[in-house]
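Chemist: This is the structure, below, for whatever I ask next.
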Amino acid sequence: MFTKLVFDKEIYNEVILGIIPKAHKYLWIGTSDIKDLYVEKNGKMIPFLQILSQLLQQKIEIRLLFAKEPGEAFRTDFDKFPVLANKLEQFHCPRVHFKMVIVDGIIAYSGSANLTGAGMGAKSINNRNFETGILTSDSNFVNELINQFDNVWMGKPVSYTHLA
């Protein structure tokens, strides 16, 4: 079990390049803002949506919960990967302001970073945001995040069990 703080570019390395591609069962992403994030793969920059597309093709369930409607560039990239329209579960909730990533119910990120290049630390040092988050495999912490995400996803009032 581990819990660690991650900052700025570490979020990109640990979450986007680290835990997300390793999903085996499911991936839940909650974000207030979502943009056309590009990530490094095999020495070139590709749309993050391509990573999600590949996970969906591997039968990984993906839920994307977001507040702000994606922009035109995101929608253009989205249309390049038809599996997203067929398999990506999406829910728009304008009240969502949390930012979280849950992988297989065993590891999670929660912090300030939206699913954008500047937020996730994918941009250059002069263009990225200053962000802070927690990456953890602590089952109590992960379960609290699952509870919040799932309740919002299902349209239920959010209840908190609070960590002891």
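The values are calculated or read from the model by the stated rules, or taken from the named source; none is laboratory data. Everything quoted here is computed from the prediction, not taken from an experiment. No Cβ is skipped: glycine too gets one built from the backbone with ideal geometry, and neighbour counts run over all protein chains shown. What goes into the accessible areas is simple: the full protein's heavy atoms, side chains included, and nothing from ligands, DNA or RNA. Shrake-Rupley method; radii C 1.70, N 1.55, O 1.52, S 1.80 Å.
Chemist: Roughly how big is the chain's charge dipole about its Cα centre, with Cβ charges of +1 (Lys, Arg) and -1 (Asp, Glu), in debye to the nearest 20?
Modeler: Rounded to the nearest 20 debye, it is 200 debye.
Chemist: Would you please give the residues with an amide H less than 5 Å from that of residue 62, counting only those at least 5 places away or on a separate chain, with H modeled from the backbone geometry?
Modeler: 27, 89
Chemist: Right, next: Using modelled backbone amide H atoms (1.01 Å from N, in-plane), which distant-in-sequence or interchain residues come within less than 5 Å of residue 131's amide H?
Modeler: 8
Chemist: Out of residues 5 or more away from residue 138 or on other chains, whose amide H comes under 5 Å of its own, with H placed 1.01 Å from N in the peptide plane?
Modeler: Residues meeting the amide H criterion: 2.
Chemist: How much of the accessible area of the chain, probe 1.4 Å, is carbon plus sulfur, in whole percent?
Modeler: So the carbon and sulfur contribution to the accessible surface is 52 percent.
Chemist: Follow-up question, since we're still on this one. For residue 22, which lysines qualify as cross-link partners when the Cα separation must be under 26 Å and same-chain residues fewer than eight apart are set aside?
Modeler: 4, 9, 35, 41, 44, 59, 80, 87, 99, 123
Chemist: With a 10 Å cut-off between alpha carbons and a GNM built on the chain, which of 27, 88, 135 moves the most?
Modeler: 88
Chemist: Let me ask something else. Report the extension gain between residue 75 and residue 137 in nm, rounded to one decimal, defined as 0.36 nm multiplied by the number of residues separating them, less their alpha carbon distance.
Modeler: Residue separation times 0.36 nm, minus the Cα-Cα distance, leaves 19.1 nm.
Chemist: Report the extension gain between residue 93 and residue 129 in nm, rounded to one decimal, defined as 0.36 nm multiplied by the number of residues separating them, less their alpha carbon distance.
Modeler: Between residue 93 and residue 129, full extension yields an extra 10.6 nm.
Chemist: From Cα pairs below 8 angstrom and at least 6 apart in sequence, can you work out the relative contact order of the chain, rounded to a whole percent?
Modeler: Reported relative contact order: 29 percent.
Chemist: Mind checking the per residue accessible area of the chain for me, 1.4 Å probe, whole number of Å²?
Modeler: Using a 1.4 Å probe on heavy atoms only, each residue of the chain averages 53 Å².
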